[in-house]
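Written out below as C-alpha cells is the structure these notes cover.
Just so you know, all these numbers are worked out from the coordinates, no wet-lab data involved. Treat the numbers as computed from the prediction; the structure is a model and nothing was measured. All Cβ positions, glycine included, derive from the backbone under ideal geometry; neighbour counts span all protein chains shown.
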Amino acid sequence: MGKKPEEDLFEFLKIGNRAVKKAQEINWKKGLPNVYSKNKKIYFEYPDDPDKKKDPDKS
C-alpha cells in the first residue's frame, strides 16, 4: 500500500478497474451482455455489437 491515503485510493481504483474489465471479457466470451447505467437508465452492450448500446425500453 502507498504512504498517503490518496495513493492507496489510486491503487484500489486500478485494481477495481482491472477486475471490471476482466469480468466484462468473461461475460462476452460466454455470450452475455455487459450492463451499464447512465442517467438512471439501464443499457445492455452485446458482444455481437459492442459499439451499439441498447436501451431495453426501446427494444
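Residues of the stretch 18-52 being among the polar types (S, T, N, Q), surrounded by fewer than 10 Cβ atoms within 10 Å (Cβ to Cβ) and part of a strand (DSSP E or B), which ones? Scanning the stretch 18-52 gives a single hit, SER37. Contact map, the stretch 24-37: first residue among the polar types (S, T, N, Q), second residue outside any helix (DSSP H, G or I), Cβ cut-off under 8 Å, separation 6 or more or different chains; pairs are GLN24/ASN34; ASN27/PRO33; ASN27/ASN34; ASN27/PRO47; ASN34/PHE44; ASN34/GLU45; SER37/TYR43. Sub-9 Å Cβ pairs linking a first residue in the stretch 1-23 that is closer than 30 Å to ASN34 by Cα to a second residue that is surrounded by 10 or more Cβ atoms within 10 Å (Cβ to Cβ) and of a type outside the set (Gly, Ala, Ser), at least 6 apart or interchain, are ALA23/ASN34, ordered by first then second residue.
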